[in-house]
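The next block holds one structure in the form of structure tokens; read it before the comments.
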Amino acid sequence: MARSCLTIILAAGQGTRMKSALPKVLHPVAGLPMAAHVAATARAAGSDAVAVVYGHGGEAVRDALSGKLDGASWHEQAEQLGTAHAVLAAREAISKGYDDILVMFGDTPLVRPDVMREARAKLADGAAVVVVGFRPDNPFGYGRLIERGGELVAIREERDATDQERSISYCNGGIMAFNGNMAPQLLDAIGNDNTKGEYYMTDAVEIARARGLKVVAIEAPVEDVVGVNTRGDLAAVEAIWQRRTREKMLAEGVTMTAPDTVFFHHDTAVQADASIEPNVVFGPGVTVKAGALIRAFSHLEGATVGEGAEVGPFARLRPGAELSSNAKVGNFCEVKKAEIGEGAKVNHLTYIGDAVIGAGANIGAGTITCNYDGYDKHLTEIGAGAFIGSNSALVAPVKIGDNAYVSSGSVVTEAVPDDAVAFARARQVNKDGLAPRLRARFKAAKEAKKAKKD
Ligand code: UD1
Ligand code: CA
């Protein structure tokens with residue numbers, strides 16, 4: 001039978017070095033709060049429940065995450081007396097009798113599910129305590145894994161370590177896993193007899209050994225356990241996340257000529273055989289379908305780009321932009337809350353907002369949907385096969401019929417029937433031979449002005 005699993009996310013840290021009004025674990029990586037990345041990893045590793053330990057005054061954490069961590073339980077740790085003390089703040093969740101208990105840090109968002117699966121496999125093999133170790137370039141500040149005869153016997157924090165212990169390069173990544181039956185008794189046995197006077201969760205290693213229980217260390221890649229303490233760390237973590245995601249996209253069949261310049265959101269979905277040119281930025285909620293091409297310097301959020309559709313260069317798709325297959329949105333166009341029908345073209349210098357555009361319509365350069373009257377937004381409907389001449393203003397609410405024409409430079413305020421041609425501009429008048437007379441007049445005026453000055 002599958003083992004049940006609880007993940008406790010420690011999120012009580014102040015994060016003072018972030019110099020931020022925002023609690024540290026709410027700082028986003030790829031647009032998602034760090035603590036939510038951790039919860040997603042826990043779920044992916046089969047965790048049935050998540051318990052979040054937040055600090056005094058950390059209601060902001062709870063409020064900000066509650067929509068994103070459905071079903072999580074919340075536990076306040078009013079005073080930060082150490083990692084073991086923090087875990088015990090979630091005693092109510094622990095006492096529900098889960099087989100596996102994982103402890104993760106809310107400021108360590110890059111742990112991959114495989115690491116947690118491996119830790120759980122060790123628990124299933126009979127370990128009472130599992131420690132996730134790593135080998136950083138510089139071990140300063142980390143707890144060291146003390147091994148004897150190839151077995152983990154203790155974890156020593158930097159400030160409590162001897163010089164010899166400090167020379168050990170194998171460090172504690174912070175994440176630990178406990179057998180759920182033993183966790184309460186092990187954690188309760190932890191004291192605070194150390195330099196910092198804190199209750200160290202890592203002391204569970206020695207206590208478990210003394211009771212003849214099995215303790216195991218597994219090694220994780222350095223990248224998985226890198227934590228965030230400063231804005232610099234946050235940027236470094238973001239860079240790792242972006243690199244991993246680009247690699248994943250490439251492996252899944254997405255073409256990118258300069259992947260290092262493409263920035264994804266945590267929820268960006270790109271199908272195989274889509275192509276992304278350099279310098280493209282994805283905000284939240286974007287889906288790009290097979291065969292679509294996102295050209296250079298485009299910014300997309302809340303948008304769907306249909307099969308074979310083309311966007312950019314220099315295009316902006318805002319929330320609610322829905323491009324059907326083979327539609328085109330070209331350079332210096334902005335599209336918001338609008339359906340662009342199959343094969344329709346919005347190619348140059350255009351704003352389309354609150355609109356429904358039929359299949360095969362052609363929207364000329366400089367077309368503007370005047371969707372806002374200062375109070376409300378109104379809909380523009382453009383029929384299939386319609387042709388909107390360049391530099392037209394469509395004053396919503398307004399409807400252009402199927403296969404209708406709107407002549408260039410029109411300001412359309414009334415419905416245009418199917419197959420009609422709308423002229424909504426002043427009629428052209430030509431005055432034969434007027435240009436030379438006009439020039440003569442302007443020239444004389446300029447000379448008169450000059451003579452008066454001299
Ligand atoms: C901890 C480990 C250390 C490991 C390092 C990896 C312990 C005793 N030490 O040290 O071996 O090398 O992580 O980064 O576990 N927290 C609370 N409440 C508390 C104390 C901490 O919620 O009372 C949270 C913090 O917000 C943080 C995490 O637990 O997310 C780790 O605490 P921190 O004080 O940063 O531990 P380190 O000294 O870094
Ligand atoms: Ca830390």
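Share of antiparallel DSSP beta bridges in the stretch 5-225, in percent to the nearest 5? Provide the component values of the computation, followed by the final result.
Details: 17 of 39 bridges.
In the stretch 5-225, approximately 45 percent of DSSP beta bridges are antiparallel ones.
With a 1.4 Å probe and all protein chains kept in place, how much accessible area does Tyr405 have, in Å² rounded to the nearest 10?
Taking all protein chains as shown, Tyr405 has close to 120 Å².
Determine the share of the chain's accessible area contributed by carbon and sulfur atoms, expressed in whole percent, with a 1.4 angstrom probe.
Working: 10920 of 21720 Å².
Whole-percent figure for carbon plus sulfur exposure: 50.
Mind pulling the per residue volume of the convex hull built on the Cα atoms of the chain? Å³ is fine.
On the way: hull volume 112.2 nm³, N = 454.
Considering the Cα atoms of the chain, their hull volume per residue is 247 Å³.
If I take R0 = 51 Å and measure r between the Cβ atoms of Ser4 and Val281 in this structure, what FRET efficiency does the formula 1/(1 + (r/R0)^6) give, to the nearest 0.05? If you can, show how the numbers build up before the last one.
Numbers: r = 41 Å, r/R0 = 0.80.
Once the sixth-power term is evaluated, E becomes 0.80.
What nm distance separates the two modelled labels at Phe423 and Phe442, each placed 7 Å from Cα along Cα→Cβ?
About 2.7 nm separates the two model spin labels.
For helix 231-251, report the angle its Cα long axis makes with the longest principal axis of the Cα atoms of the chain; keep it between 0 and 90° and round to the nearest 10°.
On a 0 to 90 degree scale, this one is about 70.
Using θ = phi - 60° and the Karplus form 6.51 cos²θ - 1.76 cosθ + 1.60, what ³J(HN,Hα) does each residue of the stretch 31-48 get, whole Hz, x for Gly and Pro?
Going residue by residue, I get x, 10, x, 3, 5, 6, 4, 5, 4, 5, 5, 4, 4, 4, 8, x, 5, 7 Hz, with x marking Gly and Pro.
Between Lys19 and Asp376, what length comes free when the chain is fully extended (0.36 nm per residue of separation minus the Cα-Cα distance, one decimal in nm)? Before the final figure, lay out the partial values.
Working: separation 357, 0.36 × 357 = 128.52 nm, distance 3.97 nm.
Gain in length upon complete extension: 124.5 nm.
Could you report the chain's accessible area per residue, 1.4 Å probe, as an integer in Å²?
Values: 21720 Å² over 454 residues.
Per residue, the chain has 48 Å² of solvent-accessible surface.
Compute the distance in nm between two label points, each set 7 Å from the Cα along the Cα-to-Cβ direction, one at Asp137 and one at Gln164.
That separation, rounded to one decimal, is 3.0 nm.
Given R₀ = 30 Å, FRET efficiency for Ala272-Asp70 by Cβ-Cβ distance, to 0.05?
Details: r = 30 Å, r/R0 = 1.00.
Once the sixth-power term is evaluated, E becomes 0.50.
Calculate one ³J(HN,Hα) per residue across the stretch 392-406 by plugging θ = phi - 60° into the Karplus curve 6.51 cos²θ - 1.76 cosθ + 1.60, and present them in order as whole Hz with x for glycine and proline.
With coefficients 6.51, -1.76 and 1.60, one gets 9, 10, 9, 8, 7, x, 7, 9, 9, x, 4, 6, 7, 10, 10 Hz.
Output the antiparallel fraction of DSSP beta bridges having both residues in the stretch 1-76, as a percent to the nearest 5.
Working: 2 of 12 bridges.
Around 15 percent antiparallel, to the nearest 5.
Can you give me the long-range amide H partners of Gly133? Hydrogens built in the peptide plane at 1.01 Å from N, cutoff under 5 Å, separation of 5 or more residues or another chain.
Gly173, Ile218, Glu219, Ala220
Once Lys and Arg get +1 and Asp and Glu get -1 on their Cβ, which of Gly212, Thr413, Leu145 lies farthest toward the positive end of the dipole of the chain?
Of the options given, the answer is Thr413.
All other residues with a Cβ under 15 Å from the Cβ of Arg117 taken together, and with Lys, Arg as +1 and Asp, Glu as -1, what is their net charge? List each step's numbers first, then the result.
On the way: positive: Arg3, Arg43, Arg112, Arg120, Lys122; negative: Asp48, Asp99, Asp100, Asp114, Glu118, Asp125, Glu219, Asp224.
Spelling it out: positives minus negatives among the neighbours equals -3.
Ranked by accessible surface with a 1.4 Å probe, highest first, in what order do Phe282, Phe387 come? Working shown, then result.
Details: Phe282 10, Phe387 80 Å².
Accessible-area ranking of Phe282, Phe387, largest first: Phe387, Phe282.
Relative to the first principal axis of the alpha-carbon coordinates of the chain, what is the inclination of helix 434-453, with its axis defined by its Cα atoms, in degrees from 0 to 90 and to the nearest 10?
Value to nearest ten degrees: 80.
Let me have the 222 nm mean residue ellipticity of the chain computed from DSSP H runs of 4+ only, each contributing -39500 (n - 2.57), with the sum over all residues rounded to the nearest 500. Please list the in-between numbers first.
On the way: 10 runs with 99 residues, N = 454.
Theoretical 222 nm ellipticity from helices: -6500 deg cm²/dmol.
Quote the accessible area belonging to Cys370 in square angstrom, nearest 10, computed with a 1.4 Å probe and with ligands, DNA and RNA left uncounted.
The accessible area comes out at roughly 50 Å².
Starting from the residue with the highest accessible area, list His348, His265 in decreasing order, probe 1.4 Å. Could the numbers behind the result be given before it?
Numbers: His348 80, His265 30 Å².
Largest to smallest exposure gives the sequence His348, His265.
Suppose we keep just the DSSP beta bridges with both residues in the stretch 1-135; what percent of those would be antiparallel, to 5? Walk me through the numbers on the way to the answer.
On the way: 2 of 19 bridges.
Percent antiparallel among DSSP bridges in the stretch 1-135 is about 10.
Starting from the 7 Å offset along Cα-to-Cβ, what nm value, one decimal, do you get for the label separation of Lys452 and Asn181?
For Lys452 paired with Asn181, the spin-label model returns 10.7 nm.
Report ³J(HN,Hα) in whole Hz for each residue of the stretch 101-113, in order, from the Karplus equation J = 6.51 cos²θ - 1.76 cosθ + 1.60 where θ = phi - 60°; Gly and Pro get x.
Per residue, the Karplus-derived 3J(HN,Hα) values read 10, 9, 10, 10, 9, x, 9, 10, x, 9, 5, 8, x Hz.
Please give the net charge around Gly409, taking every other residue with its beta carbon less than 14 angstrom from that of Gly409, where Lys and Arg add +1 and Asp and Glu add -1.
Working: positive: Arg425, Arg427; negative: none.
That sum, taken over residues with Cβ under 14 Å, equals +2.
The values are calculated or read from the model by the stated rules, or taken from the named source; none is laboratory data. In this text, all values refer to a predicted model and were calculated from it rather than measured experimentally. As a convention, Cβ positions derive from the backbone with ideal geometry for all residues, glycine included, and neighbour counts pool all protein chains shown. Ligands, DNA and RNA are excluded from the accessible area calculation, which covers all protein heavy atoms including side chains. Shrake-Rupley method; radii C 1.70, N 1.55, O 1.52, S 1.80 Å.
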